[in-house]
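The values are calculated or read from the model by the stated rules, or taken from the named source; none is laboratory data. A quick note: this is a predicted structure, and the numbers were derived from the prediction, not measured. No Cβ is skipped: glycine too gets one built from the backbone with ideal geometry, and neighbour counts run over all protein chains shown.
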Amino acid sequence: MSPSGDPGRSTVARRIATGVVAVSTALVIVGATIALFFNPVWVSFAQGRANAAASTGWPPAEVDAVTREVVLEVWVGPGTFAQEVGGEPVFTARERAHMADVRRVVLDFFTVVLLGAAVLVVTAWASRLSRAYWRAVAAGAAGLAVGAVVVGGAFLLFFDAAFTLFHELFFAAGTWTFDPATDRLVQLFPYQFWTETSVAIAAVGLALTLAVWAVARRLGRPRGAPPAPVLEFGPGGEAT
């Protein structure tokens, strides 16, 4: 067994800690970005752009009231999704079952996000916000930036395929396809709603990721290190 002061063991421990902080950083950024859009304010705005009121035949105020209840129920329960309009159920049993699955996925994901946030807090305290800590945060943000470009590009260019793949990964086959002509769930959340929301999440997420990367990179720079060089050009176009 290697002694506790073994440099090799210390190196492995540091790499593991760096990886944990980097992954936690990415999780927290993704969670924060999604939370910015998974709320009644954004949902109402995006539904208005997608003209969900015309799809349902309800006044916009009724659409807002129903979807506000749905979004809040995803977050706080009880998860029955028994909303009514005019004394009639909004969703069929199959739609309610899918929304219960959505709630499960959301809560599972944000449980992991909260664990990631706890990791960042604990490691920040344990390391006393060392430069190594900030370099790990910067590494996580940098990796996420690449992922955001790839995933965002996939949703932008191949939305149908990416949307289908996402649902196949997290939901049982046959439980998440609905008919826009008859099913309220896809009338309330139509195609345009999802395309525009996906693009907005990708754009805001990338901006937030780059901001975290820039700040963490600066804080992780060794003391006395010069700032990154900036190219300036003279009158003749020569770099100086």
Determine which member of the set A17, A32, A53 is touching a Ser or Thr at 6+ places or on another chain (Cβ under 9 Å) and of a type in the set (A, V, I, L, M, F, W, C). A17
For helices (runs of 4 or more DSSP H) lying entirely in the stretch 91-192, having 1 or more residues that are over 27 Å from P78 (Cβ atoms) picks out 93-127, 131-157, 159-170
If I ask for residues that are surrounded by fewer than 18 Cβ atoms within 10 Å (Cβ to Cβ), among the β-branched types (V, I, T) and either closer than 13 Å to T92 by Cβ or in contact with a Pro (Cβ under 8 Å, 6 or more places away or on another chain) (or both), which ones from the stretch 178-195 would you list? T182
V12 being modelled with pLDDT of 90 or more and part of a helix (DSSP H, G or I): no
Selection from the stretch 69-87 of residues on the phi < 0 side of the Ramachandran plot and of a type in the set (F, W, Y) yields W75
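What about A138, is it within 20 Å of T182 (Cβ to Cβ), in contact (Cβ under 8 Å) with a residue 12 or more places away in the chain and either in contact with a strand residue (DSSP E or B) (Cβ under 9 Å, 6 or more places away or on another chain) or surrounded by 13 or more Cβ atoms within 10 Å (Cβ to Cβ) (or both)?
Here the answer is no, as A138 does not meet what is asked.
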Based on this model, can you work out whether F91 counts as farther than 21 Å from Q47 by Cβ and surrounded by 15 or more Cβ atoms within 10 Å (Cβ to Cβ)? no
Which members of the stretch 94-132 meet the condition of being surrounded by 15 or more Cβ atoms within 10 Å (Cβ to Cβ), under 24 Å from A35 (Cβ atoms) and of a type in the set (S, T, Y)? T123
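Conditions (1) outside any loop (DSSP other than H, G, I, E, B); (2) polar (S, T, N, Q); (3) in contact with a helix residue (DSSP H, G or I) (Cβ under 7 Å, 6 or more places away or on another chain), marked per residue:
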site	(1), (2), (3)
T33	yes, yes, yes
V43	yes, no, yes
W58	no, no, no
V74	yes, no, yes
Residue selected from the stretch 144-172 under the condition under 17 Å from V23 (Cα atoms), of a type in the set (G, A, S) and buried (at least 16 other Cβ atoms within 10 Å of the Cβ), by the criterion farthest from the chain's Cα centre (by Cα): A145
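Conditions (1) surrounded by 15 or more Cβ atoms within 10 Å (Cβ to Cβ); (2) of a type in the set (K, R); (3) without any contact (Cβ under 8 Å) to a residue 24 or more places away in the chain, marked per residue:
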| position | (1), (2), (3) |
| --- | --- |
| N39 | no, no, no |
| V43 | yes, no, no |
| S55 | yes, no, no |
| W58 | yes, no, no |
| V63 | yes, no, no |
| V66 | yes, no, no |
| V74 | yes, no, no |
| G79 | yes, no, no |
| A82 | no, no, yes |
